[in-house]
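One structure follows; several queries about it will come next.
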Amino acid sequence: MSILVMDCNDWRTYHIVEMLLENDYKVDAFLTTNTEEDLSMFFVRNSSFSIVTEDVQKKYAVGIFLGDIESDMRHEFDQLIVINPAKNSFQSDTHTKCTVIHTPILFGEWMPMKEEGIYNEDTFIPFESETFEKSALYIGDFTKALLQWLQVSDLPPILYVNNKNDGKKGDSKLEKNVFIRDNIPKREKVKSVIEHYRSKRNFKI
């Protein structure tokens, strides 16, 4: 199955691409974000990974986009997945077989952070805060769930992802809530992310 992922230099889509390649998907990706760490370099030697330009027209089984997408995309998709678009910026009914996924606060390796907490957009969220404890979800748990959803042929138009501490957010018949539970305590995941941050904070690819 061929999949197009927008911007594998974003830390979240980096994890998505990594998960897809580990599960034998063929992945094309855009490079639209300039970061200090060129995360795409981790994939260039993988024969199932290619960097493509936005002006090349191609058809894919799945397109995975993070945030806003352009309305005049040249590419065609059998299934389109849009993760966390800005409010009211994207309407799933304008694209055939599209699912919009809303996630809680995601955290994981390579994200903007300090040892004391993470940055969500421009907001600093301490690891010890109630907001982090109730609303944060490890990126690896999300990508595992995403891998399962790729096998589903009838995803709902809108999907709300919650961790076990979140309440239901969707209230429409077209919306579905999915709860992801922590198989490993969140504190252990935080410890691992901090250790990665310490080892890589001065690392440039």
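Derivation of every value follows stated rules applied to the coordinates shown; laboratory data play no part. Just so it is clear, the structure is predicted and the values come from calculations on it, not from any experiment. Cβ atoms come from the backbone with ideal geometry, glycine included; neighbour counts cover every protein chain shown.
Please arrange 190, 44 by how many other C-beta atoms lie within 10 Å of their C-beta, fewest to most.
On the way: 190 18, 44 10.
Fewest-to-most Cβ neighbours within 10 Å comes out as 44, 190.
Which listed residue (27, 51, 6) has the Cα farthest towards the positive end of the charge dipole for the range 2-56, taking +1 on Lys and Arg C-beta and -1 on Asp and Glu C-beta about the Cα centre?
My answer, from the dipole projection, is 27.
Roughly how compact is the range 119-168, stated as its Cα Rg over 2.2 N^0.38 Å to two decimals?
Working: Rg = 13.4 Å, N = 50, 2.2 N^0.38 = 9.7 Å.
Normalised Cα radius of gyration, the range 119-168: 1.38.
I want to check the label-to-label distance for residue 188 and residue 148. Put each point 7 Å from Cα in the C-beta direction and report it in nm to one decimal.
1.9
Take residue 32 and residue 46, extend 7 Å from each Cα along the Cα→Cβ direction, and tell me the distance between the two endpoints in nm.
The modelled label-to-label distance comes out at 2.0 nm.
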